[in-house]
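Report on the following structure.
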Amino acid sequence: MNDAVETVRRISGVNPLKCMKCGKCTATCPAYDEMEYHPHQFVDMVANGRLEELMGSKGIYLCLSCFACVERCPRNVKPGALVEAVRLMVIRQQEQNHLKPQEIPALLEESLPQQAITSALRKYRR
Amino acid sequence: MQVNGQFQPTIVAFCCNWCSYAGADLSGTNRLQYPANVKIIRIPCSCRLNPMFILRAFQRGADGVILCGCHPGDCHYTSGNYFARRRMTLLFNMLEFLGIERERTRVEWVSAAEGAKFAATMNDFVATITRLGENKRLEDLRCKSK
Amino acid sequence: MQRIGVFVCWCGSNIAATVDVEAVSQALSHEAGVVFSTNYQYMCSQAGQEMIQAAIHEHRLTGVVICSCSPRMHENTFRKTCERAGINPYMVEIANIREQCSWIHKDKAVGTEKAIILGRAAIAKVLLNAPLTAGTSPVTKRALVIGGGIAGIQTALDIADAGFEVDIVEKEPTIGGKMTQIDKTFPTLDCAACILTPKMVDAAQNEKIKIYAYSQVEAVKGFVGNFTVTIRRKARYVDEEKCTGCGLCTEKCPQKKVPNAFNLGLDTRRAIYIPFAQAVPKIATIDADYCTMLKTGKCGVCSKVCTAGAIDYHQQDTLIEEHYGAIVVATGYNPIQLDQFDEFAYSHSPDVVTSLELERLMNAAGPTGGTLLRPSDKTHPHTLVFVQCVGSRCDGGEKGKPYCSKICCMYTAKHAMLIREKYPDTEVYVFYIDVRTPGKNFDEFYRRAVEEYGVHYIKGMVGKVTPQNGKLYVQAADLLGGQQLKIEADMVVLAAAIEPDKSARPLATMLTASMDTNDFFTEAHPKLRPVESPTAGIFLSGACQGPKDIPETVAQAGAAASKVIGLLVKDHLVCNPCVAESNELMCNGCSACEKVCPYGAITYIDKEFRGPNRTTLLRRIAQVNPAVCQGCGACTVACPSGAMDLKGFSNGQIMAEVDAICR
Amino acid sequence: MQEQVRAKAKALLESGVCDRILAWKTGEFFYDVTPAVFTSVEEIDRDLVYNAFCGANLSKYLIAESRKGGKVGAFLKPCDTYSFQQLLKEHRIRRENTYIVGVACEGMADIETIRAAGIKGVTGGDFTGETLTFETLYGAKTMARAEALAERCKFCKSKKLVIFDELLGEQGEEQDVGRFDEVKRLEAMSDEERFAFWQQELSKCIRCNACRNVCPACSCEKCVFDNPNSGVENKAAASSFEEQLFHIIRAFHVAGRCTDCGECSRVCPQHIPLHLLNRKFIKDINEIYGPYQAGADADTRPPLLTYETGDPEPRRGDAG
């Protein structure tokens, strides 16, 4: 499991041990109510190697990647980057794509919030 | 120097009085072994090390010269090791430029608490120099005692 | 020709077990210059020392080499031994054959051979030793305290108490510092003014203390015991001798719209002002940025109403020069600017205040007369949210400070408690990351806030404050309760990190005192010399050295004072004789040495030299002040001509050691 | 240009601005142009030259000249002004006793290069302008100045005059012509090859001290190599070590102060490429501590007299 934590650290460029558990990320998170693990818990679970639970959680797809947590974190821990990294860990396994590219057009609809599209762009730009 | 057909390098270690000399003392206090090839010269601060001393050591038959000082930021005189670091960086580059093996010179920061690091550093440096063999490029044959 | 004696110590079996001491003393007896060589069980013992002294007399020794433990252990012992026997203490060299030989080798042959080489090196060095005499320099028995807050006042009072003259330089028009702005003090809740103002009066009335208020240090020259300081006395446009502090001018001045700095801009004052009623010295000051007379030449009301005739619109800054033996830095702290923490809406809503502003809003002499009112609409707030660690404990980047500001946990508990006590109808939330309350009666104090006063302490940070419809919507995390909170608050109080005063860095440059990356002054040793700067004669008092509360500041102020007194009672200072020395015949005057000297010990003079054909040449040469030089040797390597050398560790001595080792 | 220099020199003397002029005059041979002090208009008319052989850097002479009283006028080429400013920075020259006329430079010629091009038996000529004309025993010959340039001028770092009271000709610009190429070539060699290269070069050294004596940075009141108490005193290199010692120490002493004027290599009778040692230091300083040009300004701290807390550590030779 340590290897996986190392991989997450490498992908995200974040040291989760820098977290001082202030919870500013959680206070900030607009998707708080949707996520079973809140940003500060997410960081803590990465630090403690609980990656399997995180990889199996729905929350990693519900994070908006708005990066409010990244912006506000006083310790430069970037919870959003860790969520992103865990998501990548899932996707990098074979046949584990959350969505197949073919499914996407069907899911697009008029009412889809702009932020969702923007955040998708952000996720893959950084 | 050859002793019983085996190469025994002569190593001069310049140690600053406040950190590294105390670190060397500590490795003694803790009975941590390192080869007797290393002879320490006490200087007040790493910034006291004049390049001439290093060249002199090589001239007189030293096979390796190492400078130990306080860690950057910990200098007893606040800035001495920062100056020493620049001087040694440039001097070592120049020696290498002249074809002198870079391994023969080294700078290591050893605090007064790092007795173990001092011993480990000296063990490693002696091993490196032993592997490298005798200093031939910067010697003054007239100074060789045979 | 030198006559060297060699004394090899067994140190019981510590040395003798791995070094053949007899062989060492035998081998070294054949070295050039050695006239006597012996070994003994314990050289540092009474008998050992007597043996050395007897040998010095009997063999007319001029230099001594002791092969023993580390010089860090007994160099001083043996120097004194030799001094008592009549030879210069700096004619002693130690060969470290214990820590750096017998204790690290097991093979006796190897240890013995190395001990002989180390002994040879010491002999080679001592042959080039010269007797050194520690110089002395006189001490000016007067101290300067820079900063007139509680730290500076306490230091000055303690120094004056010991009978020494002491001057305080304060940049504001009054002494008192941050503590004057504080309402109550933790953990006793006594009023800050009640305990501070008597001290301010004591300082003003003490005949040993001279206060230069509204003044700044402009330049510092000299060294420990002998500082010359230029002080700029800023123009107040009021004659200090004549002003009685009646305050009439401050009531009549027609310029009413000046932000009142004492109340942190929460109300206004006049262009001529006395910061607060108990100011010391109680003298009016004209704010040149706002005075109509100074700006346009038209007005003059204050001059007309002043019966003492103290107003002087033509006053200029004056520079005075004073001499001191010691300087105490007590420049204090300030809360940081919060413009980088947009999420807390500090710049968007007047109802988001810093804790220091809250002090003024709760103080009887403050803008609201002591009634807590929202700055925006002057109504009574019902819900207050305190945010801890704003800008403290931040990592990296431009935003915030990496350290804990230390005082915020306690003053926030104090604020919460005072508000709940005075206004029981309020709800008070404190959002914390950790509550840090080490200190006498500190944790009890915090627990009282929770247990007796019902303050809601919530572990978690505030994420965002949104001002809307006269309310402040606070979104925060409750980490222990596992929920995201949304609180509708009337006021938000931010515990802003504290940072050293901006004047500290230029001052440190003037003093050649070192600072850390956060601009706190560095202490000479973090544990053992906490109130001294590494630069001799410079002492540290209060928050300029690191965040501190009032009791700690006062304790450190007293400690700094005792160090200053310890210096000032001496008539002369004995200097380390192992200092740099410039050979004027070889000096180029190029200033390289000066640039690497951390102590400012090197100055230049133009000196006439005899030239060829009866001419004279004027040359710039370096001079080392032996009282300031600490003997690091940085200059000796910077000097290309080799004019600069270090006594006790000269080029010649070190090269002799090199030669002896490489032989 | 030579006429302008002469006219300016005369004007400075006649107006009383200066009581003597430091410039160049031709010595024994046409290429043997040497620094000279002129005190009269007649001397100037007779001897003062400014041509392709005025390579000598006059700045060092101002150390002594500026201390003699009166005011000395000096003509400085771009690279001389760098040395001059560096010496000012080191308080070696009394600026108030000098009047500096900056003169533009088209690059200085090297007699060996000219000889190698087959121009021999020269009896006279005109060495100003872009084309040098030679009167030889075998008839008139010409050579483009650009082809005759000395090594250091081919890699000229700057044609900018960094300090002057007055300017003759056009102000120039800093140049970037790969002056570190040769250093890089050596760096790319193995230790053994480099050692062999320098051993061959330095063993030619006859310790004539010309490099030291001409170097504007080597202006110590007393050189360590002449000082019996320095521990490194030596007058002649007695071993290969001492050949190296002298040049290493000399290069180290001028590190951060050397303006790369190239005088050391110009005067070396053995043609040792000494400037490469200085350039190695300059290159390292630029790469490790940021670009620095000695003498370019009066204020920047020399790199060896300052530091950054984040400076890199000396590179280690072994894996560690």
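Straight-line reach from D:Lys89: which lysines have a Cα under 22 Å away, not including same-chain ones fewer than 8 places off?
C:Lys595, C:Lys607, D:Lys60, D:Lys68, D:Lys71, D:Lys77, D:Lys157, D:Lys159, D:Lys160, D:Lys222, D:Lys283
Can you tell me what share of the DSSP beta bridges in the protein assembly as shown is antiparallel? A percent to the nearest 5 is fine. Write out the running numbers ahead of the final one.
Details: 77 of 153 bridges.
The answer is about 50 percent antiparallel.
Can you compute the charge dipole magnitude of the stretch C:580-647 about its Cα centre, using +1 on each Lys and Arg Cβ and -1 on each Asp and Glu Cβ, nothing else charged? Give it in debye, rounded to the nearest 20.
180 debye
Go through the stretch C:96-112 residue by residue and turn each phi into a ³J(HN,Hα) via Karplus (6.51, -1.76, 1.60, θ = phi - 60°); whole Hz please, and just put x for glycine and proline.
Computed from phi, the couplings for the stretch C:96-112 are 7, 9, 9, 4, 9, 8, 4, 7, 10, 10, 9, 7, 5, 5, 5, x, 5 Hz.
Only residues of the stretch C:416-431 count here: report those whose backbone N is under 15 Å from the spot 7 Å along Cα→Cβ of C:Glu452, or say none.
In the stretch C:416-431, the label zone of C:Glu452 (backbone N under 15 Å from the point 7 Å along Cα→Cβ) covers C:416-422.
What translational D, rounded to a whole number of µm²/s, comes out for the protein assembly as shown from Stokes-Einstein when the hydrodynamic radius is the Kirkwood one over Cα pairs, at 10 °C and 1.306 mPa s? Could the numbers behind the result be given before it?
Numbers: Rh = 36.3 Å.
Once the numbers are plugged in, D ends up at 44 µm²/s.
Using a ≥ b ≥ c from the Cα gyration tensor of the stretch B:2-138 (square roots of the eigenvalues), is it rounded, prolate or oblate, where a/c under 1.5 gives rounded and otherwise the larger of a/b and b/c decides, a/b for prolate?
In terms of gyration-tensor shape, oblate.
Whole-Hz Karplus ³J(HN,Hα) for the stretch D:236-244, in order, using 6.51 cos²θ - 1.76 cosθ + 1.60 and θ = phi - 60°, x for Gly and Pro?
9, 6, 9, 8, 4, 4, 5, 4, 6
Say the dipole of the protein assembly as shown comes from +1 at the beta carbon of Lys and Arg and -1 at that of Asp and Glu; which of C:Leu266, C:Ala555, C:Thr354 then lies farthest toward its positive end?
C:Ala555
Kindly identify the stretch D:181-305 as rounded, prolate or oblate by the Cα gyration tensor criterion: order the square roots of the eigenvalues as a ≥ b ≥ c, call it rounded if a/c is under 1.5, otherwise compare a/b with b/c, prolate if a/b is larger, else oblate.
Oblate is the answer for the stretch D:181-305, as a/c is 1.5 or above yet b/c matches or exceeds a/b.
Using only DSSP helix segments of four residues or longer, with each worth -39500 (n - 2.57), what per-residue ellipticity at 222 nm results for chain D after dividing by its residue count and rounding to 500?
-9500 deg cm²/dmol
Can you grab the distance from the C-alpha centre of the stretch D:229-272 to the C-alpha centre of the stretch A:36-60, Å, no decimals?
65 Å
Averaged over its residues, how many other protein chain Cβ atoms are within 10 Å of peptide B:55-63's Cβ atoms? Please report the intermediate quantities before stating the final value.
Numbers: counts 9, 11, 6, 5, 9, 8, 4, 3, 1.
Partner-chain Cβ atoms within 10 Å, mean over residues of B:55-63: 6.
Let me know the charge dipole size of chain D about its Cα centre in debye, to the nearest 20, where only the beta-carbon of Lys, Arg (+1) and Asp, Glu (-1) is charged. Display every interim value, and only then the final one.
Working: 42 positive and 49 negative charges, 103 e Å.
Charge dipole of chain D: 500 debye, to the nearest 20.
Please list, in chain and number order, the residues 5+ apart from C:Ser37 or on another chain whose amide H is under 5 Å from its amide H, with Hs placed from the backbone.
Here C:Val6 satisfy the definition.
Under 8 Å for C-alpha pairs, at least 6 residues apart: give me the relative contact order for chain C, rounded to a whole percent. Could the numbers behind the result be given before it?
Values: 1462 pairs, mean separation 85.2, N = 663.
Over chain C, the number comes to 13 percent.
Rounded if a/c is under 1.5, else prolate if a/b is larger than b/c, else oblate: which is chain C, with a ≥ b ≥ c the root eigenvalues of its Cα gyration tensor?
Working: a/c = 2.87, a/b = 1.80, b/c = 1.59.
Note, shape of chain C comes out prolate.
Work out the mean other chain Cβ neighbour count within 10 Å for the residues of A:25-32 and drop it here as an integer.
On the way: counts 3, 10, 16, 9, 4, 4, 0, 5.
Counting Cβ atoms of other protein chains within 10 Å of each residue's Cβ and averaging gives 6.
Please compute the contact order of chain D in relative form: average sequence separation of alpha-carbon pairs under 8 Å and at least six residues apart, divided by the residue count, as a percent.
On the way: 508 pairs, mean separation 48.7, N = 320.
Value for chain D: 15 percent.
Rounded to the nearest 0.05, what FRET efficiency is calculated for C:His525 and A:Leu62 with R0 set to 51 Å and r the Cβ-Cβ distance?
On the way: r = 54 Å, r/R0 = 1.05.
Efficiency, rounded to the nearest 0.05: 0.45.
Between beta-carbons, use under 11 Å as the cut-off and find the net charge around D:Ala237, counting Lys and Arg +1, Asp and Glu -1. If you can, show how the numbers build up before the last one.
Working: positive: D:Lys204, D:Arg207, D:Lys235; negative: B:Asp140, D:Glu242, D:Glu243.
Taking every other residue near D:Ala237 into account, the sum is 0.
Please report how far the C-alpha centroid of the stretch B:19-57 lies from that of the stretch C:563-638, rounded to the nearest whole angstrom.
28 Å
Starting from the amide H of C:Leu540, placed 1.01 Å from N in the peptide plane, find each other amide H under 5 Å away whose residue is 5 or more places distant or on another chain.
Correct list: C:Val329, C:Glu532, C:Ser533.
List the lysines whose Cα sits under 25 Å from the Cα of A:Lys24, skipping any in the same chain fewer than 8 residues away.
Correct list for A:Lys24: A:Lys58, A:Lys78, A:Lys123, C:Lys399, C:Lys401, C:Lys406, C:Lys414, C:Lys459, C:Lys464, C:Lys471, C:Lys486.
In degrees, nearest 10, range 0 to 90: what is the angle between the Cα axis of helix C:192-205 and the longest Cα principal axis of chain C?
Helix C:192-205 and the main axis of chain C meet at about 60 degrees.
Going toward the positive end of the dipole of the stretch C:54-171, with +1 on Lys and Arg Cβ and -1 on Asp and Glu Cβ, which of C:Asn88, C:Ala143, C:Leu157 do you reach last?
Among C:Asn88, C:Ala143, C:Leu157, the one farthest towards the positive end of the dipole of the stretch C:54-171 is C:Asn88.
Sum up the charges of everything whose Cβ sits under 13 Å from the Cβ of C:Val258, counting Lys and Arg as +1 and Asp and Glu as -1, but leave C:Val258 out. Could you put the intermediate results ahead of the total?
Values: positive: C:Lys256, C:Lys257, C:Arg269, C:Arg270, C:Lys295; negative: C:Asp267, C:Asp287, C:Asp289.
Local net charge: +2.
Give me the dipole magnitude in Debye, nearest 20, for the stretch C:4-127 about the Cα centre, with unit charges on the beta carbon: positive for Lys and Arg, negative for Asp and Glu. Before the final figure, lay out each step's value.
Numbers: 11 positive and 11 negative charges, 48 e Å.
That gives a dipole near 240 debye.
Please list the non-local residues whose amide H lies under 5 Å from the amide H of C:Ser70, H modeled 1.01 Å from N, same-chain partners needing a gap of 5 or more.
C:Arg98, C:Glu99
Could you list B:Leu91, C:Leu319 so that the one with the fewest beta carbons within 10 Å of its beta carbon is first and the one with the most is last? Don't jump to the answer; show the numbers that get you there.
Working: B:Leu91 22, C:Leu319 12.
The order, fewest Cβ neighbours first, is C:Leu319, B:Leu91.
Would you mind giving the mean number of other chain beta-carbons within 10 Å of the Cβ of each residue in C:20-32, as a whole number? Before the final figure, lay out each step's value.
Working: counts 0, 0, 0, 0, 0, 0, 0, 0, 0, 0, 0, 0, 0.
Partner Cβ neighbours, averaged per residue: 0.
Under 29 Å from the Cα of B:Lys39, which lysines turn up, not counting those fewer than eight places away in the same chain?
B:Lys39 reaches B:Lys117, B:Lys136, B:Lys144, B:Lys146, C:Lys80, C:Lys106, C:Lys108, C:Lys114, C:Lys125, C:Lys647.
Residues with beta-carbon under 14 Å from that of B:Leu98, excluding B:Leu98: net charge, scoring Lys, Arg +1 and Asp, Glu -1?
On the way: positive: B:Arg102, B:Arg104, B:Lys136, B:Arg137, D:Arg194, D:Arg250, D:Arg279, D:Lys280; negative: B:Glu96, B:Glu101, B:Glu139, D:Glu187, D:Asp191, D:Glu192, D:Glu193, D:Glu201, D:Glu242, D:Glu243, D:Asp284.
Overall, the nearby charge balance is -3.
Residue farthest toward the positive end of the dipole of the protein assembly as shown, with Cβ of Lys/Arg at +1 and Asp/Glu at -1: which of C:Thr379, B:Phe97, C:Ala55?
Farthest towards the positive pole: C:Ala55.
Could you tell me how many degrees, from 0 to 90 and to the nearest 10, lie between the Cα long axis of helix D:275-289 and the main elongation axis, the longest principal axis, of the Cα atoms of chain D?
Here the helix axis deviates by roughly 60 degrees.
Starting at the first residue of the stretch C:33-49, write each ³J(HN,Hα) from the Karplus equation 6.51 cos²θ - 1.76 cosθ + 1.60 with θ = phi - 60°, in whole Hz, x for Gly and Pro.
Listing the rounded values in order: x, 7, 10, 8, 8, 8, 9, 7, 4, 9, 5, 7, 6, 3, 5, x, 5 Hz.
None of the figures in this text is laboratory data; all of them are computed from the coordinates on show. As the structure is a computational prediction, the values presented were derived from the model and not from experiment. Backbone-built Cβ (ideal geometry, glycine too); neighbour counts: all protein chains shown.
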